[in-house]
Amino acid sequence: MGSKRIGIALITIVLSAVAATARPENALAARGMMNGIYDPVQPIIAPDKTFPTLMKLHVKVIRMPLGWGGAQGVAKKRPVHPTDPADPAYDWDMYDRVVVNAKKYKIQVLYSIYGTPRWAQTGKKGLNRAPTKMVDLRRFAVAAAKRYSGSFKRSDDTVLPAVRKWLAWNEPNNPYFLKPQWAKIGGRYFPVAARTYAGICTAVWSGIHSTHLKGEVVACGSTDSYGNNAPRLSRPSISPTRFLREVKRYGLRHFDVWAHHPYYRKPSQSPGAKPGPNTVTLGNIGVLTNLLGRLYGPKKLWITEYGYQTRPPDPLFGVSWVKQARYLTQAYRIARRNPRITMMLWFLLRDEPRLSGWQSGLFTAGGKRKPAYSAFARLPH
């Protein structure tokens with residue numbers, strides 16, 4: 001479900017019937033699922049308004065993109081000393097401001113490393129193309145972990161706050177974020193994005209953990225809810241369950257948490273509705289968590305993007321403002337009742353102003369509160 005989110009840019013072990021109905025919400029909150037927000041824009045362009053609002057919403061963690069390459073990337077030029085966060089090729093200023101502001105309000109930051117710089121590629125280039133050498137990505141991950149170790153001092157004597165939560169890439173089963181998805185080799189099609197992503201995940205995980213900093217957690221996956229598994233189509237992708245099986249087959253061994261984006265496929269679907277084939281939403285999240293358990297043991301799951309758009313302003317993919325609030329409450333309840341899910345992030349604090357963008361915010365683009373704002377603020381925390 002990435003087509004409209006693309007512009008800005010990101011269950012189940014069933015409890016017994018008695019426990020599911022009788023267990024109080026505050027007890028579920030005590031289990032430790034973190035509520036958070038993923039809005040890649042507002043914490044940067046309007047920090048003075050955004051962070052106090054996040055505090056009022058009881059937000060514990062925000063996800064933010066950490067661009068390796070691209071217009072807002074840290075590494076627009078190749079660094080001479082790539083594992084040194086002070087290398088002059090690196091520009092961390094925007095990302096430093098995010099962690100400093102978040103620390104003031106006791107909010108954790110989850111940085112998702114994404115986007116390959118042109119200097120790290122040969123042949124076809126683009127943010128959604130893998131680096132030619134995964135060691136370049138690994139070295140950048142080392143530099144990021146060092147900079148946000150909690151003890152790194154800038155030249156102005158500012159000691160930067162710690163970041164201990166990381167995400168490797170975004171929706172790698174979606175061709176907008178990782179190409180190619182499939183390749184024809186010897187007359188057969190292979191899901192090469194899974195092979196590529198096994199390398200990306202390993203590079204980020206090993207780079208972060210090479211610092212031996214206590215408490216580092218690296219999530220991999222962040223898969224799109226849908227994939228067509230149809231390599232001959234003009235826009236082929238890979239379903240989230242097949243993607244998980246394939247990264248295992250291609251040798252992915254190490255990650256701390258798996259992540260997924262269980263978005264609805266059409267506005268008539270409630271959070272608990274069963275989706276169609278090749279799709280994992282909250283309505284069948286157990287398919288994914290059960291598979292995760294079979295392949296990798298008792299790994300936890302982070303929901304690093306979720307949301308419902310509203311109508312108005314979106315006439316095609318939105319739901320009413322009242323229904324958005326109700327669905328938000330239902331979705332978090334479903335997630336909370338699953339002990340495998342330990343984080344859930346709502347996508348957008350504030351709507352994008354472009355109708356072609358994404359309108360799942362708790363505020364309109366003009367700043368008006370939707371009912372979902374109060375629904376989020378009432379979530380167990």
Here are VAL109, VAL74, VAL59, VAL100: which of them is open to solvent by less than 30 Å² (accessible area, probe 1.4 Å), among the β-branched types (Val, Ile, Thr) and either assigned to a helix (DSSP H, G or I) or over 26 Å from ARG337 (Cα atoms) (or both)? VAL74
Condition first: buried (at least 22 other Cβ atoms within 10 Å of the Cβ) and assigned to a loop (DSSP other than H, G, I, E, B). Can you find one or more residues in segment 290-304 that meet it? yes
Give GLY207, GLY276, GLY215, GLY221 a once-over and let me know the one that is farther than 16 Å from TRP166 by Cβ and either modelled with pLDDT of 95 or more or not hydroxyl-bearing (Ser, Thr, Tyr) (or both). GLY276
When you go through (1) over 22 Å from TRP258 (Cβ atoms); (2) in contact with a Phe, Trp or Tyr (Cβ under 9 Å, 6 or more places away or on another chain); (3) open to solvent by 20 Å² or more (accessible area, probe 1.4 Å) one by one for ILE185, which number turns out not to apply? (2)
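Quick grid of which residues meet (1) touching a helix residue (DSSP H, G or I) at 6+ places or on another chain (Cβ under 6 Å); (2) of a type in the set (S, T, N, Q); (3) open to solvent by less than 30 Å² (accessible area, probe 1.4 Å):
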{"site": "GLU171", "(1), (2), (3)": "no, no, yes"}
{"site": "GLN181", "(1), (2), (3)": "yes, yes, yes"}
{"site": "ALA198", "(1), (2), (3)": "yes, no, yes"}
{"site": "SER222", "(1), (2), (3)": "no, yes, yes"}
{"site": "PRO236", "(1), (2), (3)": "no, no, yes"}
Only residues in segment 148-176 that are under 15 Å from TYR95 (Cα atoms) count as the first member; pair them with residues that are open to solvent by 10 Å² or more (accessible area, probe 1.4 Å) and among the charged types (D, E, K, R), Cβ under 7 angstrom, at least 6 apart or cross-chain, and list the lot. PHE152/LYS146; VAL159/LYS153; LEU160/ARG147; LEU160/ARG154; PRO161/LYS103; ARG164/GLU216
Check ALA145 against each of (1) more than 13 Å from TRP68 (Cβ to Cβ); (2) outside any helix (DSSP H, G or I) and name the one condition it does not meet. (2)
Could you please tell me which pairs satisfy a Cβ distance under 7 Å, a separation of 6+ or placement on different chains, a first residue in segment 55-80 that is within 25 Å of GLY32 (Cβ to Cβ), and a second residue that is at pLDDT below 95 and crowded, with 24+ Cβ neighbours inside 10 Å? ARG63/LEU10
Does segment 246-256 contain at least one residue that is under 19 Å from LEU345 (Cβ atoms), open to solvent by less than 60 Å² (accessible area, probe 1.4 Å), among the small types (Gly, Ala, Ser) and modelled with pLDDT of 95 or more? no
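The values are calculated or read from the model by the stated rules, or taken from the named source; none is laboratory data. Please read these numbers as outputs of a predicted model, since none were measured by experiment. No Cβ is skipped: glycine too gets one built from the backbone with ideal geometry, and neighbour counts run over all protein chains shown. For accessibility, only protein heavy atoms count, side chains too; no ligands or nucleic acids. Shrake-Rupley method; radii C 1.70, N 1.55, O 1.52, S 1.80 Å.
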